[in-house]
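Student: Here's a structure for you.
The values are calculated or read from the model by the stated rules, or taken from the named source; none is laboratory data. Computed from a prediction, not measured in an experiment: that's the story for all the values here. Note that we place each Cβ from the backbone using ideal geometry, even for glycine, and neighbour counts take in every protein chain shown.
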Amino acid sequence: MPEQPADPQQRPPVVLRDPVVIAAFEGWNDAGEAASQAVAHLHEVWNAVDLAEFDPELYHDFQVNRPTVSFDEDGKRVLTWPTTRISYAVLPDSPRDVLLVRGIEPSMRWRTYAGEVVEHARTAGASMVLTLGALLADVPHTRPLPVTSSSDDPELVERLQIEPSRYEGPTGIVGVVADAVSGAGMPSVSLWAAVPHYVGQPPSPKGTLALLHRIEELLDVTVPMGDLPEDARAWERGVDELASEDSEIAEYVQQLEEAKDTADLPEASGEAIAREFERYLRRRDDPPRRG
């Protein structure tokens, strides 16, 4: 039997409105760190407040995920342990708030770990859980990186027009958490960004940007992007330069581009352009966020 997860040490100091959990985990599920950086970005731009953290002794092999040493502003040495942190953000321009989960795929006690995530979501009264992941794939860095959206919940599949989950094979903590959430009776959606396998090392700002745009669409919110679009363009220019120095990579990228463009022809100027236009209008009409 798995160990029972510890009760949340703290409860939200405010009542969250119809909260959605957004979770990402560094490691096997996080090519280019695109998913974990998406949650880190949301934490920053939504001024999230730290709520709780997991006991790292329960879940991590410190020879695999070692603690780090740094110095604070006063020059004092600080030891930081690998862990999972829970934070919340109140969104004034939305009818719902968010609970953010950012951690590292644990080395042990996965069922207990997933149970602890579920308990925090239940305590906050979450109505839905979004799990984020990123995988290496045969996609060109010069085109918008695709994000797949899937769920085991038939009602969400129909309402959000997403795919039913059909994956079979090895899974990471994202799959285990999604299964625990489903078992607890909470609907969940899994978002996976495809990162070019020939440039899978972190960071992957274009993958992060793709996940954030999909979150905007699913939750009908506006995410301030800050410097991320320019970071994505700089990343793409950097990969262009690398490809120009290697004829084999350049030829391979061209093949990926042709395959992608052919696959996208049926929707060339349909839904994709409509979604982009709606996103533009929403950004234009939204007042600038402060703080």
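Student: Quick one: Val223 ticks every box in (1) in contact with an Asp or Glu (Cβ under 8 Å, 6 or more places away or on another chain); (2) part of a helix (DSSP H, G or I) bar one, so which box is it?
Tutor: (2)
Student: List, please: which pairs have Cβ atoms under 7 Å, are six or more places apart or on different chains, and start with a residue in region 69-98 that is at positive phi and end with one that is modelled with pLDDT of 95 or more and assigned to a loop (DSSP other than H, G, I, E, B)?
Tutor: Close Cβ pairs (under 7 Å, with a partner that is modelled with pLDDT of 95 or more and assigned to a loop (DSSP other than H, G, I, E, B)) do not exist here.
Student: Taking region 106-130 only, how many residues are of a type in the set (S, T, N, Q), over 15 Å from Arg17 (Cα atoms) and either in a loop (DSSP other than H, G, I, E, B) or in contact with a Lys or Arg (Cβ under 8 Å, 6 or more places away or on another chain) (or both)?
Tutor: Going residue by residue through region 106-130, those that are of a type in the set (S, T, N, Q) are 107, 112, 123, 127.
Narrowing further to those that are over 15 Å from Arg17 (Cα atoms): 107, 112.
Filter once more, so that each one left must be either in a loop (DSSP other than H, G, I, E, B) or in contact with a Lys or Arg (Cβ under 8 Å, 6 or more places away or on another chain) (or both): 107.
Number satisfying all stated conditions: 1.
Student: Of all residues in region 31-53, which are touching a Gly at 6+ places or on another chain (Cβ under 7 Å) and either without any contact (Cβ under 8 Å) to a residue 40 or more places away in the chain or surrounded by 15 or more Cβ atoms within 10 Å (Cβ to Cβ) (or both)?
Tutor: Let us first name the residues in region 31-53 that are touching a Gly at 6+ places or on another chain (Cβ under 7 Å), namely 31-32, 34-35, 45, 47.
Once the filter is applied, which keeps residues that are touching a Gly at 6+ places or on another chain (Cβ under 7 Å) and either without any contact (Cβ under 8 Å) to a residue 40 or more places away in the chain or surrounded by 15 or more Cβ atoms within 10 Å (Cβ to Cβ) (or both), region 31-53 yields Ala31, Gly32, Ala34, Ala35, Val45.
Student: Okay, next question. Being in contact with a helix residue (DSSP H, G or I) (Cβ under 8 Å, 6 or more places away or on another chain), crowded, with 17+ Cβ neighbours inside 10 Å and of a type in the set (S, T, N, Q), is that true of even one residue in region 191-203?
Tutor: no
Student: For region 189-202, does any single residue satisfy the condition of being at pLDDT 95 or above, β-branched (Val, Ile, Thr), closer than 18 Å to Val39 by Cβ and out of contact with any Ser or Thr (no Cβ under 9 Å at 6 or more places or on another chain)?
Tutor: no
Student: Please find, among Glu236, Glu276, Glu230, the residue that is modelled with pLDDT under 90, within 23 Å of Thr208 (Cβ to Cβ) and surrounded by 11 or more Cβ atoms within 10 Å (Cβ to Cβ). Talk me through it step by step, then tell me what you get.
Tutor: Numbers: Glu236 fails: modelled with pLDDT under 90; Glu230 fails: modelled with pLDDT under 90.
Being modelled with pLDDT under 90, within 23 Å of Thr208 (Cβ to Cβ) and surrounded by 11 or more Cβ atoms within 10 Å (Cβ to Cβ) holds for just one of Glu236, Glu276, Glu230, which is Glu276.
Residue-wise test of (1) more than 21 Å from the chain's Cα centre (by Cα); (2) of a type in the set (A, V, I, L, M); (3) in a loop (DSSP other than H, G, I, E, B); (4) within 14 Å of His141 (Cα to Cα).
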position: Gly175; (1), (2), (3), (4): no, no, no, no
position: Ala193; (1), (2), (3), (4): no, yes, no, yes
position: Arg214; (1), (2), (3), (4): no, no, no, no
position: Asp240; (1), (2), (3), (4): yes, no, no, yes
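Student: Still on this structure, please answer the following. Search region 78-124 for residues being of a type in the set (Asp, Glu) and over 18 Å from the mean Cα position of the chain (by Cα), and hand back the single one that is surrounded by the most Cβ atoms within 10 Å (Cβ to Cβ).
Tutor: Narrowing region 78-124 to residues of a type in the set (Asp, Glu): 93, 97, 105, 116, 119.
If we keep only those that are over 18 Å from the mean Cα position of the chain (by Cα) too, we end up with 93, 116, 119.
Values: Asp93: 9, Glu116: 27, Glu119: 17.
If we take residues in region 78-124 being of a type in the set (Asp, Glu) and over 18 Å from the mean Cα position of the chain (by Cα), then Glu116 is surrounded by the most Cβ atoms within 10 Å (Cβ to Cβ).
Student: Looking only at residues in region 138-166 that are within 15 Å of Ala34 (Cα to Cα) and within 17 Å of the chain's Cα centre (by Cα), which one is surrounded by the most Cβ atoms within 10 Å (Cβ to Cβ)?
Tutor: Among those that are within 15 Å of Ala34 (Cα to Cα) and within 17 Å of the chain's Cα centre (by Cα), it is Leu145.
Student: For Val69, are the conditions met, namely being among the β-branched types (Val, Ile, Thr), over 20 Å from the mean Cα position of the chain (by Cα) and over 20 Å from Val129 (Cβ atoms)? Reasoning before the result, please.
Tutor: Details: among the β-branched types (Val, Ile, Thr): yes; over 20 Å from the mean Cα position of the chain (by Cα): yes; over 20 Å from Val129 (Cβ atoms): yes.
Yes: the conditions hold for Val69.
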